[in-house]
Amino acid sequence: DTATLFFSEDHFSQHENVDAFGILSNQNLVLSTSTSATLGGLSFEPGDLVEYDPNTDTATLFFDGSLFSDAADIDAFYSLPDGTFLLSTSDSETLGGLSFRDGDIVLYNPLLDFATLFFSEDNFSQNENVDGISLFGDGSLLLTTSNSATLGGLTFGDGDLVRYDPFLDLE
């Protein structure tokens with residue numbers, strides 16, 4: 001029942017809201033912020049993903065948000081071992097030929113600049129914004145939303161983490 005500080009916002013040039021993050025296999029962090037920011041000498045926008053190396057206090061651009069059709073804000077991210085990643089944005093957006101909504105989760109291949117719909121907002125009982133995601137080895141999702149929502153018959157709050165198995169209903 002203890003907590004330790006894993007990453008301090010003191011690494012930014014000013015106080016920032018990290019609204020999406022992940023950890024890569026090399027233990028570097030991938031971050032996005034809700035406003036423009038500077039980290040490890042790199043300035044970036046809310047639609048960008050930045051890879052931060054805590055050992056060298058340097059940052060590089062992991063994903064360039066200018067690939068979106070509008071000024072997106074990435075608010076959920078999960079990196080996959082093959083170099084692709086899942087993301088969600090705070091508003092409707094277009095990326096890699098795919099138009100999607102704030103409640104959708106997109107699988108993006110940065111090498112091909114190609115996006116596919118991984119999870120549809122239509123699975124919720126009403127429109128909802130996904131703002132946190134993780135993926136289990138069995139294909140089920142761990143997600144959270146910015147408001148209370150209903151998914152797969154479960155009603156939950158905005159501070160809850162929900163495990164959703166899209167294959168459970170098929171059995």
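Quick check on my filter: what residues within segment 12-32 are more than 18 Å from ILE133 (Cα to Cα) and among the hydroxyl-bearing types (Ser, Thr, Tyr)? SER13 - this is the single residue of segment 12-32 that is more than 18 Å from ILE133 (Cα to Cα) and among the hydroxyl-bearing types (Ser, Thr, Tyr).
Taking the criterion of being open to solvent by less than 30 Å² (accessible area, probe 1.4 Å) and in contact with a Ser or Thr (Cβ under 6 Å, 6 or more places away or on another chain), would at least one residue in segment 44-63 satisfy it? Walk me through it before giving the result.
As a first pass, look at segment 44-63 and keep what is open to solvent by less than 30 Å² (accessible area, probe 1.4 Å): 44, 46-50, 52, 59, 63.
Narrowing the set further to residues that are in contact with a Ser or Thr (Cβ under 6 Å, 6 or more places away or on another chain) leaves 46, 49.
There is at least one residue in segment 44-63 that is open to solvent by less than 30 Å² (accessible area, probe 1.4 Å) and in contact with a Ser or Thr (Cβ under 6 Å, 6 or more places away or on another chain).
Considering the conditions (1) loosely packed, with under 15 Cβ neighbours inside 10 Å; (2) more than 15 Å from the chain's Cα centre (by Cα); (3) on the phi > 0 side of the Ramachandran plot, GLY40 is excluded by exactly one of them, (1). For first residues located in segment 60-71 and farther than 11 Å from PRO110 by Cβ, partners that are open to solvent by 80 Å² or more (accessible area, probe 1.4 Å) and not in a helix (DSSP H, G or I) and lie 6+ apart or on another chain with Cβ distances below 7 Å form the pairs GLY65/GLU45.
Where in segment 1-57 are there strands (runs of 3 or more DSSP E), lying fully within it, with 3 or more residues that are under 23 Å from SER146 (Cβ atoms)? Don't jump to the end; show me each part of the working.
Working: elements: 18-23, 29-33, 37-39, 42-44, 49-53.
Qualifying strands (runs of 3 or more DSSP E): 18-23, 29-33.
Scanning segment 16-33 for residues that are farther than 25 Å from ASP102 by Cβ and open to solvent by 100 Å² or more (accessible area, probe 1.4 Å) gives SER25, GLN27.
I'd like the residue in segment 121-154 that is open to solvent by 80 Å² or more (accessible area, probe 1.4 Å), of a type outside the set (A, V, I, L, M) and out of contact with any Ser or Thr (no Cβ under 7 Å at 6 or more places or on another chain) and, out of all such residues, is nearest to ALA76 (Cα to Cα).
ASN147
If the condition is being among the aromatic types (Phe, Trp, Tyr), open to solvent by 50 Å² or more (accessible area, probe 1.4 Å) and under 27 Å from GLN27 (Cβ atoms), then segment 64-116 contributes only TYR78. Does segment 40-47 contain any residue that is in contact with a Phe, Trp or Tyr (Cβ under 7 Å, 6 or more places away or on another chain), under 30 Å from PHE124 (Cα atoms) and not charged (D, E, K, R)? Yes, that holds for at least one residue.
The values are calculated or read from the model by the stated rules, or taken from the named source; none is laboratory data. Here the structure is a predicted model, which means the values were calculated and not measured. Cβ atoms come from the backbone with ideal geometry, glycine included; neighbour counts cover every protein chain shown. To get the accessible areas, we keep the full protein, side chains included, count just its heavy atoms, and leave off ligands, DNA and RNA. Shrake-Rupley method; radii C 1.70, N 1.55, O 1.52, S 1.80 Å.
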